[in-house]
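Right, one structure below, let's go through it.
Any read-out appearing in this document is the output of simple, stated calculations on the displayed coordinates, not a laboratory observation. Since this is a predicted model, take the numbers as computed values, not measurements. Glycine also receives a Cβ, built like all others from the backbone with ideal geometry; neighbour counts cover every protein chain displayed.
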Amino acid sequence: MSKLFLLRHLKSQWNEENRFTGWVDVPLAKNQGNRAKICSEEIFKNRIDAIYSSSLFRNMDTVAEILEKNNQKYPIFIHFNKGKMKSWGKFTDLNNNDVPVYVTEKLNERFYGKLQGLDKKETIEKYGEEKVRFWRRSYNVRPPGGESLRDVFKRTIPFYKKHVEKDLMNSKNILVVSSHNSLRAIVKYIEKIPDKDIINLEIAFGGLIEYNFDGKLNLKEKKINEMAL
């Protein structure tokens with residue numbers, strides 16, 4: 001048996017301001033400590049063998065925040081370089097308190113193109129609620145100059161299959177900390193959600209999903225942590 005935890009990052013400053021963020025690197029909003037503590041307590045009831053994180057600061061900072069609340073585990077951030085990890089396999093000195101955190105842009109949020117930095121409410125007033133919803137949540141529709149969820153799926157899932165699934169097959173418990181659309185892509189893949197239905201999937205800030213797999217990666221159980229939502 002192995003466990004996979006998907007954690008959406010804590011609320012960022014631009015989330016607080018209701019702005020499209022995408023690939024813009026912004027810090028977490030203030031006063032996220034309580035949410036970080038709740039997530040940490042739920043996640044670290046379990047053994048976590050490795051963490052995978054988007055390279056965006058709000059995701060890596062979320063990793064740091066939840067580990068700080070744990071007071072037992074220390075993150076070792078290891079960055080991929082153009083899809084290859086420079087030092088993977090060379091860390092022989094990790095002790096029981098160290099957790100490897102593998103960082104990759106493959107898990108980044110969708111690129112929102114010309115929408116990045118814009119106020120979401122004003123954008124809806126300009127273009128209409130339905131069009132903006134399709135830009136944000138549908139599978140095939142791209143925002144102006146940006147990525148569709150399909151584009152995110154095409155860069156996220158090959159990485160997930162190559163690295164995360166390999167760890168799960170080796171009976172490791174894995175935590176993925178990332179942004180909304182990269183996590184939506186992973187959920188779509190795991191649960192085989194049809195293209196037309198993925199528009200309805202939402203994951204809240206600090207939302208935590210737990211999957212339990214057997215030795216052949218058959219999904220046995222799914223849990224959504226309501227406290228973290």
Quiz prompt | Theoretical ellipticity at 222 nm over the chain - DSSP helices of four or more residues, -39500 (n - 2.57) apiece, nearest 500 | solution = -9000 deg cm²/dmol
Quiz item: Which length gain, in nm to one decimal place, applies between Ile193 and Glu16 when the Cα-Cα distance is subtracted from 0.36 nm times their residue separation?
Solution: 60.8 nm
Quiz item: Of all DSSP beta bridges located in the stretch 2-225, what percent are antiparallel, nearest 5?
Solution: 45 percent
Practice problem: Evaluate the distance, in nm, between pseudo-label points positioned 7 Å from the Cα of Phe77 and of Lys161 along their respective Cα→Cβ axes. | Solution: 3.0 nm
Practice problem: Can you pull the one-decimal nm distance between simple spin-label points at Lys154 and Lys220, each 7 Å off the Cα toward Cβ? | Solution: 3.7 nm
Quiz prompt | Spatially proximal aspartates and glutamates relative to Lys73 (Cα-Cα < 19 Å; intrachain offsets below 8 disregarded) | solution = Glu41, Glu42, Asp49, Asp61, Glu65, Asp93, Asp98
Quiz item: If R0 is 45 Å, what FRET efficiency do you get for Leu94 and Ile124 from their C-beta distance, rounded to 0.05?
Solution: 0.45
Quiz prompt | Degrees separating the helix 149-159 axis from the principal Cα axis of the chain, which is the longest one | solution = 10 degrees
Practice problem: Could you tell me how many degrees, from 0 to 90 and to the nearest 10, lie between the Cα long axis of helix 180-191 and the main elongation axis, the longest principal axis, of the Cα atoms of the chain? | Solution: 70 degrees
Quiz prompt | Cross-link table Lys166/Lys216; Lys126/Lys196; Lys69/Lys166; Lys188/Lys222, entries beyond 20 Å C-alpha to C-alpha | solution = Lys126/Lys196; Lys69/Lys166
Quiz item: Taking a threshold of 22 Å on the Cα-Cα distance, which of the pairs Lys11/Lys172; Lys45/Lys220; Lys131/Lys161 fall above it?
Solution: Lys11/Lys172; Lys131/Lys161
